[in-house]
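Worksheet for the structure shown next.
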Amino acid sequence: MFAAANCLTLLLCAGARAAPSHASVARFRDATRAFASQSRTARRVRKKRMNNRTNKASVGVGVWGGAHVRMNVRDGGADVEFDCAHGSLGGPLLPDAEGRFDVEGTYVGEGHGPIRIGREPSARPARYTGRVEGRTMTLRVKFADGSQEPDAFTLTRGSEGRLWKCR
């Protein structure tokens, strides 16, 4: 942007004679205003295009993590790991225009210590809701019976998170 302004300045000064006239100064001022206006407009258009793209696209594939949670987003869903539980999201995370998402999945609670043979923990139907804002995601887990995890989890894209496994 500055290189273009410098180039414009050189062109305008080269066109002027040894002493700048009021007309050349006015042309220079008008040209720099036009350039600044065009760059502001271009920035607005780029930002709007970027927002439309990010809001319509699914959450990027990769790891999201935070305190007591880690999510591995893959094409068509995600796997979530909590301190004493794990789960999966059965569909892609497609945020709406405001970055909110709501996906059905499963939640499996884990207990302390070893698991008895033949007594595998069962998966509960759950809804994973939240909001994505840039590189930050807020995640809540709601169960089919109406109960929910007490806290919202905050995840950051690219972070492995910090888990304290019960096992």
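Here, each number is a calculation from the coordinates, and none is a lab measurement. Keep in mind that this is a model prediction, so the values were computed, not measured. Glycine gets a Cβ as well: all are built from the backbone with ideal geometry, and neighbour counts include every protein chain shown.
Round to the nearest 0.05 the FRET efficiency obtained for Lys165 and Thr129 when R0 = 25 Å and r is the Cβ-Cβ distance.
E(calc), rounded to 0.05, equals 0.55.
Based on the mean of other beta carbon atoms within 10 Å per residue, what is the order of 142-150, 101-109, 119-127, most packed first?
The most tightly packed comes first, giving 101-109, 119-127, 142-150.
Which number comes out as Rg/Rh for the range 76-148 once both Rg and the Kirkwood Rh are worked out on C-alpha atoms?
Dividing the radius of gyration by the Kirkwood radius yields 1.04.
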